[in-house]
Amino acid sequence: MSNKETYKLQIGPTHPAFKEPVRFEFEVDGEHVLHADIDMGYTHRGIEHVSKERNFIQIIYLLERICGICSTSHPMAYCLAVENAAEIEVPARAKYIRTIVGELERLHSHLLWAGVAAHEVGFDTLFYTTWDIREKVMDCLEVISGNRVNYAMLTIGGVRRDIIGEVAEAVNKTVEYYSDLYSQLEDIMLNDMSLRLRTENVGILTYDEALKLCAVGPTARASGLAKDVRADYAVNAYPDIPWLKAITPNDVGKKPVGDIYDRIVVRVLEIKQSVDIIRFCMENMPGGEIVAEPKAVKVINQLKKVKAHGIGRYEGPRGEVSHYDILDNNECPVGVKVKAPTYSNIISWVPMFRGAEIADIPIIMSSIDPCIACSDRASFVEGEGKKTVSFGELRKLSMEKMNKIRRGL
Amino acid sequence: MLSTVSRIMQQFFGRRSTNVFPVKYAPESVIDALAGGDIHPPISMPEGYRGKLSYDFDKCIGCGMCLKVCPAKALEDYPIMDTEKNRPSKRIVFYRGKCTYCEECVKVCPVGAIKLNPDFMMANYEKYGDDQIEGIEKRREFEVKEGQ
Ligand code: SF4
Ligand code: SF4
């Protein structure tokens, strides 16, 4: 072993196996990965900065475009943050509609992920199957909101469209469709031999590592860490659902290992959980208004009088997304801070890749369901584009920025 | 295993979930090819679909509220002379290439001058070509230029 040299293997920023630009530098010994280094920042768009030049209503649609798949999660966290700052009470019916749209989004996101993961291991039959199944939830979202991808359903203080009549029927039909299909889907996702061989004991993130590295969402839950914002810091209709809890592999009587297979288990179970939540919401939806103030211009004027800061937390399909907004008697916020779930999960890649085989790199990479565009929040534009910042320096920079915001600059 | 084989068969011989693109090779003019009538819409558009934007010049009162809420800054105002009320006013043009189809302007307009229609085929090579700007003809006709 000692006379063997290790090699550096570069993958990315653009690579056919990756859906988004991110660069990895692997240290490999033969077929085995010894260490992985991650380099982000290739798809930074400065959304947080642009937000400061848009008014509170305009920002919703900008934030919707942080991520094409979590196009409800980001506006949700943002609206919750602004409502938290301005103490706006959301009508009960709006809370239920928000939950339904959020869960439909989760359903489509998990199915999309299942297809991507299947494609990464070369199981294209499953890829076509899951994406075919996913069409139904996309159609349902189109009926509800008028668009398949960017739903534009949320606004500050409520939602923009109601779920009644034919739309409600479409939602109920979708719920039935997925309930009927679930056992088939579970069978093919959890019992297929080729999928198991590729995913069991691959890309392991242990419970301790998940805890230490602050993993979130299905990535954390697959390692046995029962954390889910929907259950822990419930918003929307979630507090009303008595049986809601964080799903871990324990729910199918399996001890969590934290491998890719466990991540599949968690996501498959969450598909069922989402369907159940939507059914619960459809059955228990209260009547009344769907928005606190329907006139957008009035909302902007109301928020102009607020000087406060608010935080919004929401469990997106990939994990916790949180937004922090600072309102300062202006029609634009003076600070918008976005923390996307992948941002918390990036570092979990390092232990997952350790000891993995090169052929497993794509599936390990996609097993956390990464969204690079969500997490690229900073980019160096000066120097050589690379800089290492120590903890002390980073703290100093953060404090300086906070003080700048406080002074209203 | 058996279920996988039956799935493969289904995928080979079953109904396609998506529409096949109407032409095989890139045509000279996409617009003409689509206008040829060989294609039916992929799915019937549900009510409330947010597609191609249309604007009613005569209904608009020039209040400018739509300008305030548009997240994409897809609209632009220009001065006109309102002959009925005999005072200067404003009217709007919409750049479809910039529009995000959020419907915010539709909701905010006090007179219902803006509508989103079920039409979704808007691809074009020219981002700022005439058919990508809603209301451009009226602008050419009625805009009051400086010094006029
Ligand atoms: S639909 Fe939205 S993006 Fe398009 S013009 Fe209206 S407000 Fe602007
Ligand atoms: S909101 Fe309606 S009436 Fe007012 S300027 Fe816009 S289109 Fe015209």
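A few points about this structure:
- Look at the stretch B:101-109: the mean tally of other chain Cβ atoms within 10 Å of its residues' Cβ atoms is 5.
- Exposure proxy order (Cβ contacts within 10 Å, fewest to most) of A:70, B:66, A:332: A:332, B:66, A:70
- Listed by chain and number, the aspartates and glutamates placed with their C-alpha closer than 14 angstrom to that of residue A:298 are A:331, B:104; residues fewer than eight positions away on the same chain are left out.
- Residues in segment A:257-289 that a label on residue A:172 would reach, taking backbone N under 19 Å of a point 7 Å out along Cα→Cβ: A:275-288
- Using the Cβ-Cβ distance between residue A:394 and residue A:330 with R0 set to 25 Å, the FRET efficiency works out to roughly 0.30.
- Membrane-span-like helices in chain A, defined here as complete DSSP H runs extending at least 15 Å along the helix axis by their C-alpha atoms with mean Kyte-Doolittle hydropathy no lower than -0.5, are A:73-86, A:92-120, A:124-145, A:165-191, A:260-284; this is a sequence and geometry rule, not a statement about a membrane.
- On the beta carbon distance between residue B:86 and residue A:347, with R0 = 60 Å, the FRET formula returns roughly 0.35.
- Stokes-Einstein diffusion coefficient of chain A, Kirkwood radius over Cα pairs, 25 °C, 0.890 mPa s, in µm²/s: 110
- Spin-label zone in segment A:81-125 - amide nitrogen under 20 Å from a point set 7 Å from the Cα of residue A:284 along the C-beta vector: A:90-107
- Computed over neighbours whose Cβ is under 11 Å from that of residue A:103, the net charge equals 0, Lys and Arg +1, Asp and Glu -1.
- Restraint check, A:337/A:401; A:307/B:107; A:19/A:337; A:304/B:98; A:404/B:73; A:52/B:73, Cα-Cα greater than 18 Å: A:307/B:107; A:19/A:337; A:304/B:98; A:404/B:73
- Orphan Cys of the protein assembly as shown, criterion: no other Cys C-beta under 4.7 Å: A:79, A:140, A:214, A:281, A:332, B:60, B:63, B:70, B:99, B:102, B:109
- Cross-link partners for residue B:90 among the aspartates and glutamates, with Cα-Cα distance under 12 Å and sequence neighbours closer than 8 places in the same chain left out: B:58, B:76, B:77, B:82, B:143.
- Compared with the alpha-carbon gap, the fully stretched path from residue B:136 to residue B:119 is longer by 4.2 nm at 0.36 nm per residue.
- Within the same chain, lysines fewer than 8 places from residue A:255 are excluded, and of the rest, those with a Cα less than 19 Å from its Cα are A:227, A:245.
- Within the shell of other residues whose beta carbon sits under 10 angstrom from the beta carbon of residue A:78, the net charge comes to -3, with Lys and Arg scored +1 and Asp and Glu -1.
Taken together, the values in this text are just the output of simple stated rules run on the coordinates, not laboratory data. Source: prediction; values computed, not measured. Note: ideal-geometry Cβ built from the backbone for every residue, glycine included; neighbour counts use all protein chains shown.
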